[in-house]
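Each remark here refers to the structure printed beneath this line.
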Amino acid sequence: MNEILDWAQSRRDELIALLKELVECESPSDDAAAVNQFQDLLVAGSAGLARPKFTKSAGAYGRNLRLDFVLPGPRRKTPGWILGVGHADTVWSLGTLQSMPFQRHSGRLWGPGVLDMKAGLAFFLYAMKALRELDLPVSRKVSLWVVSDEEVGSTGSRAQTEALAREASAVLVLEPGTGLDGKLKTARKGVGDYKMSVRGKAAHAGIDFEAGASAIVELARQVARLTEFTDLKKGLTVNPGVIGGGTRTNVVAAEAHAEVDVRVARLQDAKPLDRKFQALKPFDKRCSLEVTGGLNRPPLERSREIAALFRTAKRLSEAHLGRTLEESSTGGGSDGNFTAALGVPTLDGIGAVGEGAHAPHESILEDRIADRVALLALLVRHLGQ
Ligand SMILES: [Zn+2]
């Protein structure tokens, strides 16, 4: 058996103990103090292994954390470090642990954020620990970048993520793999959102109906129109996910609004889509229409470099871990979207294997911990030559 895999298996319980601590430190995106406390735990978990550096996030979110690993071997002067990318925040509010405690049973580990992505962070720490303890030299610099606001769009960390990625020769994104076989992710859709607000004219629905201009009727027609922007063949979807408006049934509505999620597989489709949104005009001239928003994550497109990086991972996995590795594409975004859009080879979905991200059955497979830790270590060692 491969010595790294062997090492990872022997340290599995120790890793699980760290993961338990990480899950039991709840870290919702909107609670900066909680996220900062979680970052402190990561620093403690990497004591002696990495040098921490905190940076302030733009906005009210928690700090971002960079861990610079101290690894065996002389550092080369060549630029281009290896950057692990993850996030400290989860979608789960404080107190979720009461109904969803950390648990270990049925061959799985359960709890809020265990899959997305506290396990991925623990795996990266242990992969670097493996290189250290087995004295396997790496000549490039290796860092782990942990942002505080990924689940709410990464607005406070994006510029810093991009600046770090520009210096990287490869980015490994510790998001969970796809499905219970843990396929890596070599393509992700770009994500955007639009807000649409309609102002109409209020009137008594019984006495003065014709004097009113219904914002609800106008919005309904707009929603029907923008739904036609969806083009499944292009992987382009438009979803009006939230809608509201009006005050009373006997009032012609003066106000209505909708929030629309858009996804694009190719960056080239984003601008024409945006033009369509900006060109929307009211059907009823007495109503006014305001459209704001746009793309906030570019797509992670499967470039030649990304395909090559995946092939490297697949080859390492087959040769050293005796495990085939597959790739997948997803409609969900991650911070890998930003790094890939800069042209930096990015391999995503290399974190834990499990299911139920953002759902009550969130869990990871215990018997896929060691091979994922080993895969990360093998990749860093290979890419770091
Ligand atoms: Zn995530």
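The values are calculated or read from the model by the stated rules, or taken from the named source; none is laboratory data. Just so you know, these numbers come straight off a predicted model, no measurement behind them. For neighbour counting, all protein chains shown are included, and Cβ atoms are generated from backbone atoms with ideal geometry for every residue, glycine included. Calculation scope for accessible area: heavy atoms of the full protein, side chains included, ligands and nucleic acids excluded. Shrake-Rupley method; radii C 1.70, N 1.55, O 1.52, S 1.80 Å.
Overview of results
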| quantity | calculated |
| --- | --- |
| Residue tally, condition of a type in the set (A, V, I, L, M, F, W, C), in contact (Cβ under 8 Å) with a residue 60 or more places away in the chain and in contact with a strand residue (DSSP E or B) (Cβ under 8 Å, 6 or more places away or on another chain), over the range 41-69 | 6 |
| Output for the range 356-385, where each listed residue is within 16 Å of the ligand (Cβ to nearest atom), open to solvent by 10 Å² or more (accessible area, probe 1.4 Å), touching a residue at least 60 places away in the same chain (Cβ under 8 Å) and more than 20 Å from L172 (Cα to Cα) | G356, H358 |
| Sole exception among (1) under 30 Å from L347 (Cα atoms); (2) without any contact (Cβ under 8 Å) to a residue 40 or more places away in the chain; (3) of a type in the set (S, T, N, Q) for Q278, by number | (1) |
| A8 buried (at least 17 other Cβ atoms within 10 Å of the Cβ) and either among the charged types (D, E, K, R) or farther than 25 Å from V152 by Cβ (or both) | yes |
| Only listed residue being surrounded by fewer than 19 Cβ atoms within 10 Å (Cβ to Cβ) and within 16 Å of the ligand (Cβ to nearest atom), chosen from T312, T339, T330 | T330 |
| Residue count, the range 116-163 (criterion: assigned to a helix (DSSP H, G or I) and either within 14 Å of the ligand (Cβ to nearest atom) or not aromatic (F, W, Y) (or both)) | 26 |
| Residue within the range 218-235 that is within 23 Å of N337 (Cα to Cα) and surrounded by 17 or more Cβ atoms within 10 Å (Cβ to Cβ) present | yes |
| Residues of the range 105-115 satisfying the condition of being away from the ligand (no atom under 12 Å from the Cβ) and either farther than 11 Å from I364 by Cβ or part of a helix (DSSP H, G or I) (or both) | H105, S106, P112 |
| Complete set of residues in the range 5-62 that are part of a loop (DSSP other than H, G, I, E, B) and more than 22 Å from E151 (Cβ to Cβ) | R11, S46, A47, G48, L49 |
